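Report on the following structure.
The values are calculated or read from the model by the stated rules, or taken from the named source; none is laboratory data. Keep in mind the model is a prediction, meaning the values are calculated, not measured. Every residue, glycine among them, receives a Cβ derived from its backbone with ideal geometry; neighbour counts consider all protein chains shown.
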Amino acid sequence: MVQFNWKNTYQNFHSTFPGYKKQPLIGLTGNFNEENCVLAETYYQSVLKAGGTPVILPPVEDKDALLCVLDSLDGILFTGGADLNPLYMGEEPIRELRGINPKRDLQELLLVRLAFDRQIPMLGICRGIQVMTAALDGSLYQDLYTQAITDESPLLKHNQDLARGYASHTVKIEKDSILYQIMQTEKLAVNSFHHQSVKDAGPYLKICAKAPDGIVEAVESSEYKPILGVQWHPECFLSSGDNSMMPIFEWLVKEALLFKKTKTLHQEIVTLDSHCDTPMFFGKNIHFEQRDPRILVDLHKMTEGHLDATCMVAYLEQKERTPEALKAATAKANRILNEIENLVEHNCSFIDIAKTPEDIVKLKAQGKKSIMLGIENGYAVGKDISNLKKFRDKGVVYMTLCHNGDNDICDSHKGNQEHGGVSEFGAQVIEEMNRLGMMVDLSHAHEKSFYDALEISHLPIVCSHSSSRALCNHTRNLTDEQLKALAKKGGVAQVTLYNYFLREDGKATILDAIEHLNHMVNVMGIDHVGIGTDFDGDGGILGCGNASELLQFTRRLLMERYNKEDIQKIWGGNFLRIMRMYQNQ
């Protein structure tokens, strides 16, 4: 009767402290039949064996329930089942369509897209790969035997009569894929139970395995994200004692654990993006409180990406410098700053202006996001240095001295070298910014202006959105000599996520951004780097394309073995340290 002594088991649960391992929570979509939510045992046993904690997600479409559960999950497994209703893909059903499950489709399509926004690792199996593909703008064959058949490529039997735990055909895996890294083979024997299949992977996924007849057998993220879908049933091999497919579930659990660590880290540190240009879209009737597809930074995306604060700048295009034009530039800067304040006021329950680093910490504790004010282009000052105090009184924490063109302060990287560096008036501006506690930003400056400003400023300078010229030869980037000089003076350079500042061919990815960061750390040291995305100012790269995807940057930092202290420095700690120096002098 030992097995029935449940109180003894209860005591054993508490025989040590804490007494259990905190495993990642993996949600598994439940099937539905005969008024019951069901799940094959091999699904959750595979997750358990891989080291995850499985929970079943019943087929419900309630908004609050879906969003609350997503806040708790570290990974999702989309399980097999009935055909996907083609009406959800804008298609009429063909004759060969089989049974659909109206209880599951909408919920799972929503789950995929919502999880995608939140960077949650995903694995799709059979029906799961099809739901993932449909939700991420790909397309499906409703019936591969009638829609995918060609004279040149006769189809294999894709719905085997063998027991589920045995392979019936092979697939070829692409060598440069996540799946190849997982399975360590180009040819894999799989089982097969389907007649629907992926037709086109769409913009967010790529095909990583095919059957010998050309039918798609696996897809994965095309953006370096932890997303994988397989057409076969890897969990069924477990029922026959075959553990060869366990690496797929181990991959999901490993990625879920990394995601859990990333989320926890963002809860424990303050994250700041030192440069975004969202005000450039203010005239287009954007909705900051919505997930607005026209902008890269809004409340939803900041929340999904666990970003605490962003420096939102009033950008001014460099134009002529007549008295009238200079007066108009100052007025425009003030108008944009007022518009940022109005945006915050309209969303004051969720966001506020932060004027100091301490404000960000306080607002985070209140569950609010922070906006810091900046000015991009000292053209806003005109020739009236008293404007600096007016801007500072509004809460402006930094000003970029120039943009793409020389102004009265200094020469731009994209100018005529009018002053031979910083002008006499520019020197007065830098000294006044030092006095007022407004950080001097040298992104966009000519090299001579950069070195002049280093000498003039008695406080460290920042480059709010500049990358490494050694890795991408663009005049907007900083040479290694500039990086060393900046670090020697205590300054900070913020890697920017702009395609042409990361790669000369303009085809940058998150891997390029990490490479720039690593190089700058090697040249300057960990105390002198950070991140300034330039979102909504043409910033945004494959794998880190908007504020919701900033978790992917932290995920990569953890994969590169940066520790918590280092990541806090990168995610605004260094930038805010200099801000404190300016404000507390």
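A few points about this structure:
- Taken over the stretch 213-231, residues that are of a type in the set (A, V, I, L, M, F, W, C), more than 12 Å from M183 (Cβ to Cβ) and either in a loop (DSSP other than H, G, I, E, B) or in contact (Cβ under 8 Å) with a residue 40 or more places away in the chain (or both) amount to 3.
- Any hit, the stretch 279-302, residues being outside the structural domain of G124 (by TED's automatic domain parsing), of a type in the set (D, E, K, R) and under 30 Å from K22 (Cα atoms): yes
- Taken over the stretch 434-469, the residue count meeting the criterion of being closer than 20 Å to N416 by Cα and assigned to a helix (DSSP H, G or I) is 7.
- Candidate set: the stretch 502-526, residues that are out of contact with any strand residue (DSSP E or B) (no Cβ under 8 Å at 6 or more places or on another chain) and of a type in the set (D, E); chosen: the one nearest to Y224 (Cα to Cα): E515
Table: residues versus (1) over 20 Å from G214 (Cβ atoms); (2) assigned by TED's automatic domain parsing to the domain that holds Y224; (3) buried (at least 22 other Cβ atoms within 10 Å of the Cβ); (4) at pLDDT 95 or above.
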{"site": "L111", "(1), (2), (3), (4)": "yes, yes, yes, yes"}
{"site": "P121", "(1), (2), (3), (4)": "yes, yes, yes, yes"}
{"site": "I125", "(1), (2), (3), (4)": "yes, yes, yes, yes"}
{"site": "G128", "(1), (2), (3), (4)": "yes, yes, yes, yes"}
{"site": "T133", "(1), (2), (3), (4)": "no, yes, yes, yes"}
{"site": "G138", "(1), (2), (3), (4)": "no, yes, yes, yes"}
{"site": "L144", "(1), (2), (3), (4)": "no, yes, yes, no"}
{"site": "A148", "(1), (2), (3), (4)": "no, yes, no, no"}
{"site": "E152", "(1), (2), (3), (4)": "no, yes, no, no"}
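- Of the strands (runs of 3 or more DSSP E) lying entirely inside the stretch 101-203, not one is found with 2 or more residues being within 32 Å of the chain's Cα centre (by Cα) and free of Cβ contacts under 8 Å to residues at least 40 places away in the same chain.
- Residues located in the stretch 499-513, provided they are outside any helix (DSSP H, G or I), of a type outside the set (K, R) and either buried (at least 17 other Cβ atoms within 10 Å of the Cβ) or touching a helix residue (DSSP H, G or I) at 6+ places or on another chain (Cβ under 6 Å) (or both): G506, A508, T509
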